[in-house]
Amino acid sequence: MRILLLFFFISIHLFAQQTTRSRKAAKIFKEAKSAVAVKDYPSAKLLLDQALIIDDQFVEAWILLGDVSMGLGDKYAGIQAYKKSIPISPRFSFPMYYRLANAEHSLGDYTEALKHIRKYLSFKKVSEKYRKKAIALKKSCEFSISSMKNPVTFSPENLGENVNTEADEYLPALSADGSKLIFTRSKRVEGARNEDFYLSLYGDEGWSLAKNLGAPINTLQNEGAQCITADGKTLYFTACSRQDSYGRCDLYSSDLIEGYWTEPVNLGENINTESWESQPAISSDGRQLFFVSNRAGGLGGKDIWVAYKNANGKWTKAKNLGKQINTIRDDVSPFLHWDNQTLYFSSLGYVGMGGFDVFLSRLDDLGNWGPVKNMGYPINSPSDENSLIVAKDGRTAYFASAYFQEGRTDLDLYTFDLPIESRAREVAYIQGVVIDAKSKKPIEAEIELVDLASNRSYKSSRSDAGGDFMFCLPSHAEYALTVLKKNYLFYSENIKMEEEGTILVKNFKLQPIAVGEQVRLDNIFFELNSFDLKDESATELNKMIQFMESNPLVTIEIGGHTDSSGSQNYNLVLSEKRAQSVKNVLVQRGLPSDRIHIKGYGMTEPLNSNRSEQEKADNRRTELKIISIK
């Protein structure tokens, strides 16, 4: 939510001398200072107006009127009051120039702000603390002036009346397929602000009328700042003042099962503390959770933290994201794109246009965050920009703003195309259903993807009670996909994501363990016309070992098959040697030799006519068959 964070602390000037000769004006000024001391700014303003009617050359009164106007939130009046004092006595109160420049910067008057911050820096009495702040402000002014001369492409579109209302809508969260939009809406209920979640679905007519997400997610307390997993079935969110909370606001999760959200679960002490935790962002693989906290041990007031999910499905103790991202000021609204390497966030701590600006950083090959980049003008403005998210295509962004609504101050949700230099990598996704091959009933199964180039597990997931699954992964890569379930023969497939944004629908039928059942080992690879195993086969070999160790009563046959190229005898020998190569690795890894039989089939059991190169490739295969269960 856009909240004014640039506070001007009202200073009461205790001048040794006063620039007025009017005793009446001086008396009224003294009364105004007393009003300021008790934060009665409206009364102070009336008194200062009176004093200045009596003596419009009263420098202290102009400066204090500027401070009071800032305290009342009227920056324009504050700027005018400060400026009135300058021609009378330019060097009377140099801190005024700092406050004046801040106010002008926050309203986008960068040229005037630069002039006045330079003036402030010309005074020798500026403390080191404020000199550093002034230098930072000067850099922001210079950056802003340059950015406005070199704007990025930006054409925001309001999401429309089905999503936006006269209340505040902000902090959007989008499922990977773009079909579900969950956002926070803040309304006044009996005079108090109440935050709830709303859901809109995308269809042929655009976004549907948003509906309250309802119990048990929404309560009479505030719920806000949420993210949703790639498949749209787990919601991570912030809830405040709940009985099981560790602090004022904690992070919770809820799962969508058969159309209903489960009772929210507190994420526990490794993530939540006595401090404030909010604004979660989940990675596409579900293993990293970014969030914002003002807990001790950070670099600034609010920092971005990250926790990792271990092999047991538990969150590890959260770590500060570090100085590559966090600053000594507030850093908020993290969003890790589905490519798992582009982080968008908002910050007060970097050079920017004013208030919170939106920035991005990319993860390098060594796992380090790269340089932080301001996304430019007019995406960033003198106002606050935050809660930006980006769809799986890497270019379509969503965010909340009040900047484009003439005469209105409420936040609405907008979408726009990112400039090319700020886009993330478009990702692909796989979705489908896992069922029992015999009963046709859905199965909850483990699904794992391994990048064959690196032999690193990219994604571990599981189908839900309805057998459904969906997950994102980078394009232009080759993966070993394995589906596993206790008491079932595992399923193996080779997946190639060759085009940006590929969408694959894969429905898997798992065979209950029984004699005669077999599975094609799609991720066993041999050198051309050789029985030497390629390194990329390691993933599949590990799955075979895992299966055999989990089913110690099973005896298997490894069958080698070839295409029709070459003589029948050559292919029989080659296929048997390939099967033997697989067995050798399994035995070397500790499996009993008598549980593994081999057979070379050559080209005697083709799957097709062997006419095309693709058909021949399909026939060159290795299969695992269960031949006995003791």
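The values are calculated or read from the model by the stated rules, or taken from the named source; none is laboratory data. Being a predicted model, the structure only gives us computed values, none of them experimental. Glycine gets a Cβ as well: all are built from the backbone with ideal geometry, and neighbour counts include every protein chain shown.
Here are the numbers for this structure:
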{"quantity": "Selection from region 485-529 of residues that are farther than 27 Å from ASP464 by Cβ and free of Cβ contacts under 8 Å to residues at least 24 places away in the same chain", "calculated": "GLU498, PHE525, GLU527, LEU528"}
{"quantity": "Residue that is in contact with a Leu (Cβ under 8 Å, 6 or more places away or on another chain) and either at pLDDT below 95 or closer than 24 Å to TYR377 by Cβ (or both), where the choices are ALA81, ALA134", "calculated": "ALA134"}
{"quantity": "Counted residues, region 97-123 - those being basic (Lys, Arg), closer than 21 Å to GLU60 by Cα and without any contact (Cβ under 8 Å) to a residue 40 or more places away in the chain", "calculated": "1"}
{"quantity": "All positions within region 301-311 that are buried (at least 18 other Cβ atoms within 10 Å of the Cβ) and farther than 14 Å from LEU267 by Cβ", "calculated": "LYS302, ASP303, ILE304"}
{"quantity": "Which numbered condition PRO280 fails, given (1) over 21 Å from the mean Cα position of the chain (by Cα); (2) of a type outside the set (Asp, Glu); (3) crowded, with 22+ Cβ neighbours inside 10 Å", "calculated": "(1)"}
{"quantity": "Residue under evaluation VAL306, criteria (1) modelled with pLDDT of 95 or more; (2) more than 30 Å from GLY214 (Cα to Cα), criterion not met", "calculated": "(2)"}
{"quantity": "Residues of region 356-381 classified as closer than 16 Å to ALA400 by Cβ and in contact with a Ser or Thr (Cβ under 6 Å, 6 or more places away or on another chain), total", "calculated": "3"}
{"quantity": "Pairs with Cβ under 9 Å, 6+ apart, first in region 241-268 and closer than 29 Å to GLY467 by Cβ, second buried (at least 17 other Cβ atoms within 10 Å of the Cβ) and basic (Lys, Arg)", "calculated": "ASP255/LYS233; LEU256/LYS233; ILE257/LYS233"}
{"quantity": "Per-region count, region 166-203, residues under 23 Å from ASP384 (Cβ atoms) and touching a strand residue (DSSP E or B) at 6+ places or on another chain (Cβ under 7 Å)", "calculated": "21"}
{"quantity": "Residue in region 536-556 that is farthest from SER454 (Cα to Cα), counting only those that are in contact (Cβ under 8 Å) with a residue 12 or more places away in the chain and not in a helix (DSSP H, G or I)", "calculated": "LEU553"}
{"quantity": "Of the criteria (1) within 22 Å of ARG185 (Cα to Cα); (2) touching a residue at least 24 places away in the same chain (Cβ under 8 Å), which one ALA397 fails", "calculated": "(2)"}
{"quantity": "Failed item in (1) in contact with a Gly (Cβ under 6 Å, 6 or more places away or on another chain); (2) within 22 Å of VAL163 (Cβ to Cβ), with GLN279 passing the rest", "calculated": "(1)"}
{"quantity": "From the options ASP339, ASP330, residue that is among the acidic types (Asp, Glu) and closer than 24 Å to ARG248 by Cα", "calculated": "ASP330"}
{"quantity": "Among residues of region 317-331, those that are exposed (fewer than 14 other Cβ atoms within 10 Å of the Cβ), in contact with a Phe, Trp or Tyr (Cβ under 7 Å, 6 or more places away or on another chain) and touching a residue at least 24 places away in the same chain (Cβ under 8 Å), counted", "calculated": "1"}
{"quantity": "Any hit, region 277-290, residues being small (Gly, Ala, Ser), in contact with a strand residue (DSSP E or B) (Cβ under 6 Å, 6 or more places away or on another chain), closer than 30 Å to SER475 by Cβ and in a strand (DSSP E or B)", "calculated": "yes"}
{"quantity": "Complete set of residues in region 291-300 that are in a loop (DSSP other than H, G, I, E, B) and either at positive phi or surrounded by 23 or more Cβ atoms within 10 Å (Cβ to Cβ) (or both)", "calculated": "GLY297"}
{"quantity": "Condition check for ASN529: buried (at least 17 other Cβ atoms within 10 Å of the Cβ), under 22 Å from ARG611 (Cβ atoms) and either under 46 Å from the mean Cα position of the chain (by Cα) or not aromatic (Phe, Trp, Tyr) (or both)", "calculated": "no"}
{"quantity": "All strands (runs of 3 or more DSSP E) inside region 330-436 with 3 or more residues being assigned by TED's automatic domain parsing to the domain that holds VAL505", "calculated": "427-436"}
{"quantity": "Yes/no for ALA225 being assigned by TED's automatic domain parsing to the domain that holds THR273 and either among the polar types (S, T, N, Q) or modelled with pLDDT of 90 or more (or both)", "calculated": "no"}
{"quantity": "Region 557-608, subset of a type in the set (A, V, I, L, M, F, W, C) and part of a loop (DSSP other than H, G, I, E, B), residue surrounded by the most Cβ atoms within 10 Å (Cβ to Cβ)", "calculated": "MET603"}
{"quantity": "Filter result for GLU128 (farther than 21 Å from LYS45 by Cα, without any contact (Cβ under 8 Å) to a residue 12 or more places away in the chain and crowded, with 16+ Cβ neighbours inside 10 Å)", "calculated": "no"}
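Let's see how each residue does on (1) of a type in the set (A, V, I, L, M, F, W, C); (2) over 24 Å from LEU174 (Cα atoms):
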| residue | (1), (2) |
| --- | --- |
| ILE304 | yes, no |
| ARG329 | no, yes |
| ASN340 | no, no |
| LEU388 | yes, no |
